[in-house]
Structure formats: structure tokens, C-alpha cells
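First up is the structure itself, then whatever we jot down about it.
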Amino acid sequence: MPSQNKTPPSGDSQRERREFFRIDDRIGLEVRRLDDAHPGDDPFNNSPLEALKAEFRRLDQDVRAHLASLAERDRLLAGLVKSLNSKVDTLARIIAFEQNPLQPEDWQEVTLSEGGLSFSSSTPAWQPGDRLAVRMTLPPELFQPQALARVIEVHPDSSGGARVHTEFARIDDGDRQQIARHVMRWQIRQRQKE
């Protein structure tokens, strides 16, 4: 069962303070070690689609800009266009996910926040200081934020694997916002279950 870790209101030690809310959730997770010899390589082999994704983002920003001025003149029409934009965006995420479906072993329990994530590894292959690329698939919206992360701690477990704790070293604002919205929606869903 997913759980929520909140920032403690006051802590005695600096290590116990948290900058972001954290949740324990089951997400799709792809992790690639970054090679220092080839730092510009695309770890998820997206290069043919990058131009299309950039165009999609540009068009989305254009629609949002026009929605603001349309809302001043006709709220009903602006609401309809916003709904259609959301529908097209959801359809695009579904198509992208179906083109590259995650395997069952890619779905796992993680602790996630805007600042980083921790995950289990079947082997103790990670060391503090390692740099890695992560791509997350956040259900049910199927957002796929990506980030470059740095391993902070590795805790071996009894099964021969390890729990790997990372912090995001580089993440786009849009991807960070997707994670923030996912955390907020997760919290709302948990409150509704109570």
C-alpha cells in the first residue's frame, strides 16, 4: 500500500528535514547509467522523435497562450478547447506508451518526490556518486518525466540487491511539474480512499 512521507515540522538534524513531499508509489521506471565518455548520448534512444516532441510542446504552448485570450471573450468556448486539448494530450501519451510499452519488471515500488527517488535494484551495481538517467511512467496519466540523477546512498538488502537513493541533478521544469502534479493527485486519491 502506498504511503505518504511528509516533511517533519521541526527536526533536530539537518538530514531529517525534507525539501519536498515524498510518496511511496508503484511506477514504471527505466534507469540507465550515464557514460562519462559519451555525455551527449541519448540514454533512451529518443533522438528520431525529439523533433516531433519539441514541435508538440511548441504547439501546446501556443494553444495555452491562445486559450488565455479566448477565455476573456468566450468562457464556454475556451473550456471546450481546453478539454479538447487535454483529450489530444492524453491520446498522445497513450500512443507513445503503446509504442514503447514497459515490461512487468519495469514497474516497481519507489519513493518519489520532486527532488529525487529511491528504488530497488536486483544487484548492488550502483555506488554513491554514480550518474544515471531515469525515465518514469506515472500512472494513471502516463506522464513520462525524465531526469539526470546522482546516487546519494546505496543500502544493501538481504536478497543480494540494494535500495538506491538518488537526487535529481538536472530535470526540466516541465518534468518537475509533472512529478509535483502526480504527487498532489496521489495525495488527493489517498484522501478520497479514507
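Quick check on my filter: what residues within segment 81-100 are surrounded by 12 or more Cβ atoms within 10 Å (Cβ to Cβ) and either β-branched (Val, Ile, Thr) or over 26 Å from the mean Cα position of the chain (by Cα) (or both)?
81, 88, 90
Give just the number: which of (1) open to solvent by 40 Å² or more (accessible area, probe 1.4 Å); (2) in a strand (DSSP E or B) does residue 168 not satisfy?
(1)
Would you please name the residue that is least open to solvent (accessible area, probe 1.4 Å), looking only at residues in segment 101-120 that are over 19 Å from residue 168 (Cβ atoms) and not charged (D, E, K, R)?
102
Please state which of the following conditions residue 179 fails to meet, knowing it meets all the rest: (1) among the β-branched types (Val, Ile, Thr); (2) under 24 Å from residue 103 (Cα atoms); (3) assigned to a strand (DSSP E or B).
The single condition residue 179 does not satisfy is (3).
Scan segment 17-25 and tell me whether some residue there is at pLDDT 85 or above, open to solvent by 80 Å² or more (accessible area, probe 1.4 Å) and in a loop (DSSP other than H, G, I, E, B).
Scanning segment 17-25, I find at least one residue that is at pLDDT 85 or above, open to solvent by 80 Å² or more (accessible area, probe 1.4 Å) and in a loop (DSSP other than H, G, I, E, B), so the answer is yes.
Rundown of residues vs (1) free of Cβ contacts under 8 Å to residues at least 40 places away in the same chain; (2) under 16 Å from residue 27 (Cβ atoms); (3) touching a helix residue (DSSP H, G or I) at 6+ places or on another chain (Cβ under 9 Å), yes/no style:
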{"residue": "145", "(1), (2), (3)": "yes, yes, yes"}
{"residue": "151", "(1), (2), (3)": "yes, no, no"}
{"residue": "162", "(1), (2), (3)": "no, no, no"}
{"residue": "183", "(1), (2), (3)": "no, yes, no"}
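Can you spot a residue in segment 29-42 that is assigned to a strand (DSSP E or B), open to solvent by 50 Å² or more (accessible area, probe 1.4 Å), at pLDDT 70 or above and of a type outside the set (Gly, Ala, Ser)?
yes
Can you name the condition, by its number, that residue 5 falls short on among (1) open to solvent by less than 60 Å² (accessible area, probe 1.4 Å); (2) at pLDDT 85 or above?
Against the list (1) open to solvent by less than 60 Å² (accessible area, probe 1.4 Å); (2) at pLDDT 85 or above, residue 5 comes up short only on (2).
Considering only segment 121-144, state which residues are surrounded by 14 or more Cβ atoms within 10 Å (Cβ to Cβ), farther than 24 Å from residue 185 by Cα and touching a Lys or Arg at 6+ places or on another chain (Cβ under 9 Å).
121, 126, 130, 131, 132, 133, listed by residue number.
Which members of segment 117-145 meet the condition of being under 16 Å from residue 161 (Cα atoms) and of a type in the set (Val, Ile, Thr)?
The one that is under 16 Å from residue 161 (Cα atoms) and of a type in the set (Val, Ile, Thr): 123.
Find the residue count for segment 145-156, including only residues that are open to solvent by 60 Å² or more (accessible area, probe 1.4 Å) and out of contact with any Pro (no Cβ under 9 Å at 6 or more places or on another chain).
1
Return the pairs, sorted by first residue and then second, in which the second residue is modelled with pLDDT under 75 and not in a helix (DSSP H, G or I), the first residue lies in segment 45-58 and is within 21 Å of residue 173 (Cβ to Cβ) and among the acidic types (Asp, Glu), the beta carbons are less than 8 Å apart, and the residues are 6+ apart or on different chains.
Listed pairs, sorted by first residue: 50/42.
Among the residues of segment 74-126, count how many are assigned to a helix (DSSP H, G or I) and either without any contact (Cβ under 8 Å) to a residue 24 or more places away in the chain or more than 30 Å from residue 55 (Cβ to Cβ) (or both).
Number satisfying all stated conditions: 19.
The values are calculated or read from the model by the stated rules, or taken from the named source; none is laboratory data. Bear in mind that the values here come from a model prediction, so they are computed numbers and not experimental data. Here Cβ is always computed from backbone atoms with ideal geometry, including for glycine, and neighbour counts include all displayed protein chains. What goes into the accessible areas is simple: the full protein's heavy atoms, side chains included, and nothing from ligands, DNA or RNA. Shrake-Rupley method; radii C 1.70, N 1.55, O 1.52, S 1.80 Å.
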